[in-house]
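Working notes, beginning with the structure itself.
The values are calculated or read from the model by the stated rules, or taken from the named source; none is laboratory data. Bear in mind that the values here come from a model prediction, so they are computed numbers and not experimental data. Reconstructed Cβ throughout: ideal geometry from the backbone, glycine too, with neighbour counts over all protein chains shown. When the accessible area is computed, the model is the full protein with side chains, heavy atoms only, and any ligands, DNA or RNA have been set aside. Shrake-Rupley method; radii C 1.70, N 1.55, O 1.52, S 1.80 Å.
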Amino acid sequence: MVVWTDQERACIQDIFSKLNYEDAGPKALQRALIVYPWTQRYFASFGNLYNAEAIMSNPKVAAHGIVVLHGLDRAMKNMDDIKNTYAELSVLHSEKLHVDPDNFRLLADCLTIVIAATMGSSFTADVQAAWQKFLAVVVSALRRQYH
Amino acid sequence: MSLSANDKATVKAFWAKISPKADDIGNEALSRMLYVYPQTKTYFSHWSDLSPNSAPVRKHGKKIIAGIGLAVEKIDDLFAGLLTLSELHAFQLRVDPANFRILSHNILVVLAMLFPDDFTPEAHLAMDKFLARLALALSDKYR
């Protein structure tokens, strides 16, 4: 069972309340596809991912980035049971999408960097710790149904 | 994942932009590493104060970032350029190399915070590759 302190809960709620999903989602996914290009293997149907400019102007990438962030929103709204909230998503990523779970960590790291860039100095060490704990729980829940 | 000529040029250009804040970057990255990844504190049990921005942390952050600056200068031959530092880490400090990745991550987070406009995806890619290569050179003499 994950134990959240009041301070951690407040931190996570605060980050999400200030986040522009339509901006952060696309930016995080674009970064993952650019910085870790092997992740492009899962997006063959997205069209032109040939270079950074193409990735950053690709509408399918942007749309999917927003989908991912709304998925994280669900985890934030169910912080005390992310494991079960994500059970179906985990099965989907494993059985249907066949995503190597290591990629979750890569996307999580890119999202952390996008948020750090947006929040600047208010992304203190405390906030970073709470945020990374949240993402670690999310990633762990997503990995659970892999057999 | 070796560094292309473009990667090296990007790293050098980005480093030139950020080096005025080098000491701050070193301090912030080290402070965060110790705070967010408490297992890393085990290497510094001899310090009086491990809290973010403390005097020992600031001093050591400076040392680390100076090492990275050296690596930028030696970017064309990291393994030769970092030989002495590698021997230090291998035989005296014996830091588990997994921690290099942790510190690298925190450096990238701090770069994003302090230089949100300059730390583009392309700069991020080049710096991530460079730091990974640096870590490899640093662990070269381990065994």
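Please go through (1) surrounded by fewer than 18 Cβ atoms within 10 Å (Cβ to Cβ); (2) within 12 Å of another protein chain (Cβ to nearest Cβ); (3) within 17 Å of B:V36 (Cβ to Cβ) for B:N99 and return the number of the only condition it doesn't satisfy.
(2)
Residues in segment B:73-96: is at least one of a type in the set (F, W, Y), in contact (Cβ under 8 Å) with a residue 60 or more places away in the chain and assigned to a helix (DSSP H, G or I)?
Yes, segment B:73-96 contains a residue that is of a type in the set (F, W, Y), in contact (Cβ under 8 Å) with a residue 60 or more places away in the chain and assigned to a helix (DSSP H, G or I).
Looking at segment B:97-106, which of its residues are touching an Asp or Glu at 6+ places or on another chain (Cβ under 9 Å) and in contact (Cβ under 8 Å) with a residue 24 or more places away in the chain?
Kept after step one, since they are touching an Asp or Glu at 6+ places or on another chain (Cβ under 9 Å), are these residues of segment B:97-106: B:104-106.
Hits for segment B:97-106 are B:S104, B:N106.
Having 1 or more residues that are within 14 Å of chain B (Cβ to nearest Cβ) and under 14 Å from the mean Cα position of the chain (by Cα) is the bar; report the helices (runs of 4 or more DSSP H) wholly within segment A:39-147 that clear it.
A:59-77, A:102-119, A:125-143
Just for segment A:8-38: of the residues that are farther than 24 Å from B:A132 by Cα and not in a helix (DSSP H, G or I), which one is least open to solvent (accessible area, probe 1.4 Å)?
Step one: filter segment A:8-38 for residues farther than 24 Å from B:A132 by Cα, giving A:8-26.
After this cut, where a residue has to be not in a helix (DSSP H, G or I) as well, the list is A:19-20.
On the way: A:L19: 28, A:N20: 84 Å².
Once the filter is applied, the top-ranked residue is A:L19.
Anything in segment A:4-55 that is at pLDDT below 95 and among the β-branched types (V, I, T)? List them, or say none.
Once the filter is applied, which keeps residues that are at pLDDT below 95 and among the β-branched types (V, I, T), segment A:4-55 yields only A:T39.
For segment B:104-142: of the residues being among the aromatic types (F, W, Y) and surrounded by fewer than 20 Cβ atoms within 10 Å (Cβ to Cβ), which is nearest to B:F79 (Cα to Cα)? Give the derivation first.
Here is the first cut: in segment B:104-142, the residues among the aromatic types (F, W, Y) are B:115, B:119, B:130, B:142.
From the residues that got through so far, the ones that are surrounded by fewer than 20 Cβ atoms within 10 Å (Cβ to Cβ) too are B:115, B:142.
Details: B:F115: 29, B:Y142: 13 Å.
Residue satisfying both the conditions and the ranking: B:Y142.
Checking B:P52 against (1) on the phi > 0 side of the Ramachandran plot; (2) at the interface with another protein chain (Cβ under 10 Å from one of its Cβ atoms), which single condition isn't satisfied?
(1)
Only one of (1) surrounded by fewer than 19 Cβ atoms within 10 Å (Cβ to Cβ); (2) in contact (Cβ under 8 Å) with a residue 24 or more places away in the chain fails for A:F134. Which number is that?
Only one criterion in (1) surrounded by fewer than 19 Cβ atoms within 10 Å (Cβ to Cβ); (2) in contact (Cβ under 8 Å) with a residue 24 or more places away in the chain is unmet by A:F134, namely (1).
Go through segment B:36-84 and count every residue that is within 14 Å of the chain's Cα centre (by Cα), open to solvent by 90 Å² or more (accessible area, probe 1.4 Å) and closer than 20 Å to B:R101 by Cβ.
1
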